[in-house]
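A short write-up of the structure that comes next.
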Amino acid sequence: MTAETRPPVLVTRRLPQQALDRITAVCDMTLYDGEDAMPRGRLLAEAAGKAGAVTLLTDRVDEEFLDAAGPQLTIVANYAVGFDNIDVDACTRRGVLACNTPEVLTETTADTAFALMMAAARRIAEGDRFLRSGTAWIWGPLMMLGQDVHHATVGIVGFGRIGQAVARRARGFSMRVVYHDTARPPAEVEQELAAEYRDLEDLLRESDFISLHTSLSTQTRHLINAERLALMKPTAVLVNTSRGPVVDEQALARALARRQIFAAGLDVFEREPEVHPGLLACDNAVLIPHLGSATVQTRLAMANLAVDNLLAGLQGRRPPALLNPQARDPEPR
Ligand code: DGY
C-alpha cells in the first residue's frame, strides 16, 4: 500500500467511528451499515476484489468467501477474540492473513462472567422481574433464597486469559479455584491464583460455580451435555460466556426445569440470535444477548486492534494479533 493506492476494504458492520475514520484515511471502504448480520449473498458480492476485510463473528469466512473475494485478498481482521467463524486453514492455504482481537477484552469479559455468576446465584434478574410484575410482597425469611458466592468453589473450564481473569476476581471473593484445560499453565500461574487442576468430571462434581471459557472446536461442541450436567451439584450454577454450542442447550433447559442444577447465567447461545424456548421458560436462567465484551471502552479497543491488524496486513507489516504467521508472515522471525 502506498500513498497513491487506496486498497479496497470491506467492513461488515458499523464500528466505533474513530476506527472507521482510521480506515477511510487510507483505504476505500465499503461499509455494511445494517443492524443485522450482513446477508450472505451481499457479503460474498461485496467481498469481490477486496484487499482486506474486517469481519464479525456473524460472518462465515470459509472457502466460499475466499473464492468470492478473489486473489487480491490479503487480510481478514476479525472483530472478536473467538475465531470459530473463520476457516484459518483455508486462509493459510491461500496466503490470507487471519487476525483476531485478544487481550483487549479479557477483563471486560471476565466481569460479565462474574456478573452472571452473581445474578444467577442471587436471583437478581428474577427479583427484578418479580418486582416489575407488581406482585404483592413483604420481606420474608425464606423469600427468594439464593446461593452464596463468597467462599464457594468455582470451577473454570478453559484456563486461558479470560479464565485466569475470572480466577483473580474469585480470589477477591475468598473462593476456592479449580480449573480444567487441555494444557496446564506454568506453575507460577497456578500458584499466584491458588488454582488447582482437576480433570473435567471431578471439577463438575466439586464446583459450586462452573464458568466456561473454552474456544469452540469439534472437541468442545456440547462439552457440557446431559451426562456432565448430571455430575453437577443440585446447588450448582453454570455460566457460559464462551460460545453457545459448548453447551447442549436442550439438555441444560431440561436440567434447569427439573432443578437438577440451581441456575445458569448465559451470554451465548447455540443458534444465536435464537434462544432455546426451554431456557426462556426457566426463571432460574439469566439470559443476556452476547454482551461479554460490550462496553464503550472495550468495543473501541477491539475496533482499534482490528484496524491495527488490517492496516499492518495491507502495509506489509506483521499484524499484532496474527493467527496464521505461516500464511506469509510479512516479518518472519
Ligand atoms: C469475542 O470476542 O469472541 C466475543 O464473543 C465478542 O466480543
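Quick note: the coordinates plus some simple rules give every number you see, no bench work behind them. Please read all numbers here as calculations on a predicted model, not as lab measurements. Cβ coordinates were reconstructed from backbone atoms using ideal geometry, including for glycine residues, and neighbour counts include every protein chain displayed.
The table for this structure:
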quantity: Net charge of Cβ neighbours under 13 Å - reference D87; Lys, Arg +1; Asp, Glu -1; calculated: -4
quantity: Ordering of 133-141, 191-199 by burial proxy (mean other Cβ atoms within 10 Å per residue, highest first); calculated: 191-199, 133-141
quantity: Proximal charge balance of A53 [Cβ under 11 Å; K/R count +1, D/E count -1]; calculated: -1
quantity: Under 5 Å, built H, 5+ apart or other chain: amide partners of N78; calculated: T55, C99, N100
quantity: Virtual spin-label span in nm between R132 and L291, 7 Å along Cα→Cβ; calculated: 1.1
quantity: Value of relative contact order over the stretch 119-222, rounded to a whole percent, pairs C-alpha under 8 Å and six or more apart; calculated: 29
quantity: Taking the convex hull of Cα positions in the stretch 18-172, its mean projected area over all directions (nm²); calculated: 13.9
quantity: Share of Cα-Cα pairs in the stretch 1-56 lying beyond 14 Å, as whole percent; calculated: 51
quantity: Folded to 0 to 90 degrees: helix 106-121 orientation relative to the chain principal axis, Cα; calculated: 30
quantity: For F209, F65, F262, F130, order by how many other beta-carbon atoms lie within 10 Å, fewest first; calculated: F130, F262, F65, F209
quantity: Built amide H within the under 5 Å cut-off of R176, gap 5+; calculated: A152, T153, V154
quantity: Size of charge dipole - the stretch 106-287 - debye, nearest 20, with Cβ of Lys, Arg +1 and Asp, Glu -1, no other charges; calculated: 380
quantity: Under 15 Å, Cβ to Cβ, from M143 - net charge with Lys/Arg +1 and Asp/Glu -1; calculated: 0
quantity: Value of relative contact order over the chain, rounded to a whole percent, pairs C-alpha under 8 Å and six or more apart; calculated: 19
quantity: Convex hull projection area averaged over all views, the stretch 288-328, Cα basis, nm²; calculated: 3.7
quantity: The stretch 106-287 - Debye-derived log10 I(q)/I(0), Cα point model, q = 0.08, 0.14 Å⁻¹; calculated: -0.24, -0.71
quantity: FRET E, pair D21, F173, Förster distance 51 Å, beta-carbon r, rounded to 0.05; calculated: 0.80
quantity: FRET efficiency, Q72 to T235 (Cβ-Cβ, R0 45 Å, nearest 0.05); calculated: 0.20
quantity: Unit charges on C-beta of K, R, D, E only; dipole of the stretch 201-333, Debye; calculated: 220
quantity: The chain - Kirkwood radius from inverse mean 1/r over Cα pairs (Å); calculated: 21.3
quantity: Extension gain, D33 back to S217 (0.36 nm per residue minus Cα-Cα distance, nm); calculated: 63.2 nm
quantity: Mean residue ellipticity (222 nm) of the chain, computed from DSSP H runs ≥ 4 via -39,500 (n - 2.57), nearest 500; calculated: -10000 deg cm²/dmol
quantity: Computed FRET value (nearest 0.05) for D62 with A194, which takes r as the C-beta separation and R₀ as 41 Å; calculated: 0.45
quantity: For F269, residues with placed amide H under 5 Å, excluding near neighbours; calculated: G244
